[in-house]
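Worksheet for the structure shown next.
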């Protein structure tokens, strides 16, 4: 049996040199590297949180279907063969938001046992129960479903008191917020329309920054997408005096790729990275953009391998996309390294 000293001698990389080497390894492959020896495991764990970019997760509405996850560092999709079953949904087509470590807010939608289209319920992941809270503002009565609303929650930093649930009406840009502690709605903040040509807008959070993406053009008249802009909404909590600052534009060549989208785009974000997708239509392409530490949008690109995972059956089942920052511990728990409960999707397997 190899003791600890012999183990370290067989793996000569250590210290700063080891950290430098592992810093170039995508998280998906860092999982294997962490099993080389105890020193590599410590180095991999210390690096995983700072290096990982938010992953894109793909779920289908049909139960029993494996979830898929995209690692932006390795540009690979993996299949999670045993997706955990969700709690019984209380309503159809609601907006859903994870708030902190233990609560899920479900708002709007339709329910055969409930006649209030603005109803809001909170699911406690620890206790396993649903609790009702204050209904959504009456101004949302005509659009209280995920089809018409975009929802975003800031990244959890350990303090729930700093969190809120932001909800925007996609067509009008009207914005409101739910206090995550009191579970009460703040006053409507009015319409967020930095440009009059915006016909559709969605929101997401990059850290504590509230980001809005606006699609310009009139898709309903057949004109297609004319441009896509990104703004930061500042002073978004506690009042109407918000400020909207443009932080980026989609490059013209990228706009050409999404020109025929149906004007119903979705946005999911994590710290520093956003994924844009078509909510209706073929939905076979996902665009990403980076948000730098200073708050401006940098590089744009497209997610690799979408044609492999967005097949006809998946689109027919209905697709739900989410985004999450993954650490090495998260990956080990989710995929079950010892049981090999995941696989990398290759182009040969998808054909």
Of 140, 168, 188, the only residue that is touching a residue at least 40 places away in the same chain (Cβ under 8 Å), closer than 24 Å to residue 243 by Cα and within 24 Å of the chain's Cα centre (by Cα) is 168
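Rundown of residues vs (1) at pLDDT 95 or above; (2) touching a strand residue (DSSP E or B) at 6+ places or on another chain (Cβ under 9 Å); (3) assigned to a strand (DSSP E or B), yes/no style:
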| residue | (1), (2), (3) |
| --- | --- |
| 211 | yes, yes, yes |
| 223 | no, no, no |
| 231 | yes, yes, yes |
| 244 | no, yes, yes |
| 254 | no, yes, no |
Okay, strands (runs of 3 or more DSSP E) sitting entirely in segment 71-181 with 3 or more residues that are modelled with pLDDT of 85 or more and over 29 Å from residue 193 (Cα atoms), I get 76-80, 120-124, 129-133
Check your understanding: What do you reckon, is residue 181 free of Cβ contacts under 8 Å to residues at least 24 places away in the same chain, over 23 Å from residue 293 (Cα atoms) and either touching a helix residue (DSSP H, G or I) at 6+ places or on another chain (Cβ under 6 Å) or crowded, with 22+ Cβ neighbours inside 10 Å (or both)?
Key -> yes
Per the list (1) within 18 Å of residue 246 (Cα to Cα); (2) part of a loop (DSSP other than H, G, I, E, B); (3) within 22 Å of the chain's Cα centre (by Cα), residue check on residue 200 breaks on (2)
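Between 284, 259, which is under 19 Å from residue 321 (Cα atoms) and surrounded by fewer than 21 Cβ atoms within 10 Å (Cβ to Cβ)? Before you say what the answer is, go through the steps one by one.
Numbers: 259 fails: under 19 Å from residue 321 (Cα atoms).
From the options 284, 259, the qualifying one is 284.
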Filtering segment 288-336 down to residues that are within 29 Å of residue 252 (Cβ to Cβ), in contact with a helix residue (DSSP H, G or I) (Cβ under 7 Å, 6 or more places away or on another chain) and at pLDDT below 90 yields 308
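The values are calculated or read from the model by the stated rules, or taken from the named source; none is laboratory data. Being a predicted model, the structure only gives us computed values, none of them experimental. Cβ sites come from the backbone with ideal geometry, for glycine too, and all protein chains shown count toward neighbours.
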